[in-house]
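Below is one structure, written out as structure tokens; comments come after it.
Just so it is clear, none of the values below were taken in a lab; they were calculated from the coordinates. Owing to the predicted nature of the structure, the values given are computational and were not obtained by experimental measurement. Cβ atoms come from the backbone with ideal geometry, glycine included; neighbour counts cover every protein chain shown.
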Amino acid sequence: MYRLSNAETERSTDAAVAVVPETGPESAAESTSREFYDFVRGRSNEIPAGHNENGMRLYRHLVYIGVEQMLDGYFSGVRETLGEESWQALLKEFIRGSQWESNFYGDLTDEFIHFLETQSR
């Protein structure tokens with residue numbers, strides 16, 4: 001969440017406005033975003049306020065499919081070695097438990113390798 005500093009609020013509306021990160025308690029929007037994120041990642045089964053269950057379950061499934069397709073392209077040998085059931089369980093655990101926060105599926109491979117390294121310790 002961001003707030004305008006006092007100096008910016010006193011300027012003319014024609015001037016460029018700087019934003020300053022706001023610290024403090026989580027806002028309602030941040031809370032809703034976190035709840036959405038947690039549901040999609042499988043960290044929670046509680047449907048976020050303002051969303052319908054079918055839509056949220058579809059979104060969770062689409063994220064899973066995207067991750068599965070990207071990682072299967074790079075780690076097909078791991079999938080073959082583990083077998084389908086174990087591979088799917090590993091993917092779900094990765095989606096739920098990894099630190100992956102990028103919006104780009106291309107960043108998944110490095111994060112998946114890191115996840116596997118931490119799981120093997």
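What to note about this one:
- Filtered residues of the stretch 93-104 (kept if in a helix (DSSP H, G or I) and farther than 15 Å from Phe75 by Cβ): Arg96, Gly97
- Screening the candidates Met70, Met56 for the property of being under 14 Å from Phe112 (Cβ atoms) and assigned to a helix (DSSP H, G or I) yields one hit, Met70.
- Per the listing Ser33, Ser44, Ser86, the residue uniquely over 19 Å from Glu101 (Cβ atoms) and among the hydroxyl-bearing types (Ser, Thr, Tyr) is Ser86.
- All positions within the stretch 71-121 that are more than 17 Å from Arg60 (Cβ to Cβ), of a type in the set (S, T, N, Q) and surrounded by 13 or more Cβ atoms within 10 Å (Cβ to Cβ): Thr109
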